[in-house]
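One structure is given here, and the rest of the page talks about it.
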């Protein structure tokens with residue numbers, strides 16, 4: 001179901017609604033800020049907790065996988081218990097998981113806490129979108145509110161590295177998780193006063209078996225990818241892959257039998273919908289592997305402090321904000337496929353620069369170009385998915401688009417991040433300490449304990465740089481694949497300003513307005 005209530009007469013939002021919007025935007029900003037500070041904290045938590053390379057990857061991307069895997073179920077729960085209530089429950093869960101992560105005594109506890117953060121995040125994000133659409137019934141005000149929601153995600157990326165850099169300069173790595181606690185406490189304290197309650201009077205049936213099959217289809221495949229990089233016996237990734245394939249087939253068959261499926265596979269019969277989902281999935285996969293590695297490169301290889309690294313990451317955040325603001329303007333006049341392809345080709349320049357060169361300036365400016373070029377995907381992906389679906393399926397299409405987006409972010413770390421780890425391990429000589437083969441942070445710590453550690457230190461830094469460049473090359477290839485898919489599957493979609501007349505979109509949807517209010 002979508003919260004876009006076309007049957008009600010639009011009412012002008014007042015001060016309470018705008019104050020409520022501010023309450024909703026704080027957790028949204030936290031979602032991306034929390035991710036950015038973790039990237040900066042990676043070298044420090046690696047030195048303290050000494051996780052294996054596979055554990056470090058899991059600690060980073062289990063958040064995205066659990067968010068993607070539980071978005072739809074959280075939206076359905078919100079339909080039943082109320083979206084404000086779900087937001088408050090998610091905020092409380094986020095506080096508890098943040099405290100566990102901050103004081104995690106080992107990598108296993110940190111991974112568990114990150115998984116809980118992913119589930120809590122899945123409760124918060126769709127609740128904020130749904131409440132915004134319920135609070136702002138005037139189309140123009142709703143467009144402004146949703147645009148502010150998108151901007152809040154970008155602002156989180158900009159603020160996160162700076163705040164994280166300051167915190168890591170003064171405190172231990174776990175402190176970066178604590179910055180979300182006061183924000184979520186504020187959301188809990190003001191929610192009942194400023195936010196309305198809303199629930200679906202006729203919610204669809206929740207199929208828990210479908211949720212379990214979805215997770216069992218994705219997570220074993222990810223485990224298989226990570227096992228390849230960790231040097232595990234060949235049978236482990238083979239068994240995991242087979243289990244993932246079996247669960248995928250079971251998931252598809254179950255969706256085709258259900259009257260109210262978790263994922264309506266009939267939506268994929270429309271090539272525009274399929275193209276939008278593939279663009280979100282592959283485009284975000286290409287981005288996030290490199291985006292995850294650059295902060296580590298700035299600190300572990302270039303020797304930047306957390307605050308300095310945060311400052312060097314600001315151009316990337318600025319590129320994302322600028323691209324996000326420019327995309328709707330272009331999409332009103334130019335077909336979305338051409339806007340997307342133009343951005344993808346521009347991001348290709350950034351990937352190529354990182355793949356062929358090294359240095360702080362190259363990493364920072366290359367990432368800025370990438371983020372600017374990828375921005376159209378995050379802005380238009382869900383809009384195109386919803387626009388391709390029947391009106392009564394708009395909510396399901398929006399939820400599927402958000403799932404593809406989050407799944408792509410997680411796969412970026414799993415696929416290109418794992419590739420970088422494999423390259424790194426291959427570059428470290430066999431006579432080096434075993435810990436040095438796991439992570440560059442462990443290699444730096446081992447080098448400090450050796451009398452001739454300078455050689456190992458130089459080798460580890462060169463190996464990590466090669467891994468980053470390999471990941472950037474893989475991302476460039478994925479970007480070209482995405483550009484081909486966009487050209488093939490989306491070039492018939494008209495400019496968004498022409499969509500109501502040409503494509504039969506909902507009449508109360510403003511041209512260029514992101515339609516992301518799922519459930």
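The values are calculated or read from the model by the stated rules, or taken from the named source; none is laboratory data. The structure presented is a predicted model; accordingly, all values stated were derived computationally and were not measured. Quick reminder, even Gly has a Cβ in these numbers, built from the backbone with ideal geometry, and neighbours come from all protein chains shown.
Odds and ends about this structure:
- Residue identified as within 23 Å of residue 194 (Cα to Cα) and assigned to a helix (DSSP H, G or I) among 129, 110: 129
- Options 160, 93, 164; residue that is part of a helix (DSSP H, G or I) and either under 18 Å from the mean Cα position of the chain (by Cα) or not assigned by TED's automatic domain parsing to the domain that holds residue 377 (or both): 160
- Residue check for residue 86: without any contact (Cβ under 8 Å) to a residue 60 or more places away in the chain and over 30 Å from residue 441 (Cα atoms): yes
- Screening residue 22 against (1) closer than 16 Å to residue 127 by Cβ; (2) at pLDDT 80 or above; (3) touching a helix residue (DSSP H, G or I) at 6+ places or on another chain (Cβ under 8 Å) leaves a single unmet condition, (3).
- Any chance residue 376 is crowded, with 21+ Cβ neighbours inside 10 Å and either outside any helix (DSSP H, G or I) or out of contact with any strand residue (DSSP E or B) (no Cβ under 6 Å at 6 or more places or on another chain) (or both): yes
- Residue match in the range 380-392 (condition: surrounded by fewer than 24 Cβ atoms within 10 Å (Cβ to Cβ), over 24 Å from residue 222 (Cα atoms) and modelled with pLDDT of 80 or more): no
- Residue 343 surrounded by 23 or more Cβ atoms within 10 Å (Cβ to Cβ) and either in contact with a strand residue (DSSP E or B) (Cβ under 6 Å, 6 or more places away or on another chain) or closer than 13 Å to residue 294 by Cα (or both): no
- Meets criteria (part of a helix (DSSP H, G or I) and at pLDDT 75 or above) for residue 116: yes
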